[in-house]
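For reference, the structure is listed below as structure tokens.
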Amino acid sequence: LSDYSIVQTQNNEADLASLLGLKDQLLRDELLVLPKDTCKCEQTLSTELPIVQPKAPTINYVNLGSDNNLSLYVFRDSYSNYLIPSLNFHFQNSTYVWTHMFHPAIVKGDYPDVVLFEVMERFAPTLIVPNTKEVTEYCNSTFSITDSTGTL
């Protein structure tokens, strides 16, 4: 805890209040837990992705002080804003795409070490899509899933 600062803020960015038309009347109190030591990162923004139209520009970070060559790809919503400052410490390259859908074709060419999909539960219906043929084949060849009888 001593490595973090706790900052209290107030804003009108609450999307549920906005849905109700009360964005300027209902302010949100936030407690931000921010690392005291900042990541020595270069940030670039991209507005073009071949498959998806993200809600905000895609953010790419290169951690200049990284002691590894791990890469991270995050499909996200606004709640990831709180994770980004801490996640960047642990990866040499981090990419954050604001979308409520998982798009395997986007990461296919980069093959990141970690793919994180973070969205609020109200967007869970967007997850109800079948796996691609490649994902199904990979899972079938890599994982052995059995029930109590030893078969599945």
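Computed quantities for the displayed model
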{"quantity": "Beta bridge orientation in the stretch 1-129: antiparallel %, DSSP, nearest 5", "calculated": "65"}
{"quantity": "Angle in degrees between helix 133-142 and the longest Cα principal axis of the chain, rounded to the nearest 10", "calculated": "70"}
{"quantity": "Viscosity 0.890 mPa s, temperature 25 °C, Stokes-Einstein D of the chain from Kirkwood C-alpha radius, µm²/s", "calculated": "135"}
{"quantity": "Spatially proximal aspartates and glutamates relative to Lys108 (Cα-Cα < 16 Å; intrachain offsets below 8 disregarded)", "calculated": "Glu134, Glu137"}
{"quantity": "Cross-link partners of Lys23 among lysines (Cα-Cα below 27 Å; sequence separation of 8 or more within a chain)", "calculated": "Lys55"}
{"quantity": "Pairwise FRET efficiency - Thr132 versus Leu31, Cβ, R0 = 41 Å, nearest 0.05", "calculated": "0.55"}
{"quantity": "Paramagnetic reach from Val107 (point 7 Å along Cα→Cβ, amide N under 11 Å) across the stretch 60-74", "calculated": "71-74"}
{"quantity": "Integer Hz, Karplus 6.51/-1.76/1.60 couplings in order for the stretch 85-92, x for Gly and Pro", "calculated": "x, 7, 5, 4, 5, 9, 9, 6"}
{"quantity": "Listed residues Ile6, Ile84, Ile128 arranged by accessible area, highest first, probe 1.4 Å", "calculated": "Ile128, Ile6, Ile84"}
{"quantity": "The chain - accessible surface per residue (Å², probe 1.4 Å)", "calculated": "70"}
{"quantity": "Rounded percent of accessible protein surface that carbon and sulfur make up, the stretch 1-131, 1.4 Å probe", "calculated": "56"}
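The values are calculated or read from the model by the stated rules, or taken from the named source; none is laboratory data. Computed from a predicted structure; not experimentally measured. Ideal geometry is used to build each Cβ from the backbone, glycine not excepted, and the neighbour counts take in all protein chains shown. These area figures cover heavy atoms from the full protein model, side chains too; ligands, DNA and RNA do not enter into them. Shrake-Rupley method; radii C 1.70, N 1.55, O 1.52, S 1.80 Å.
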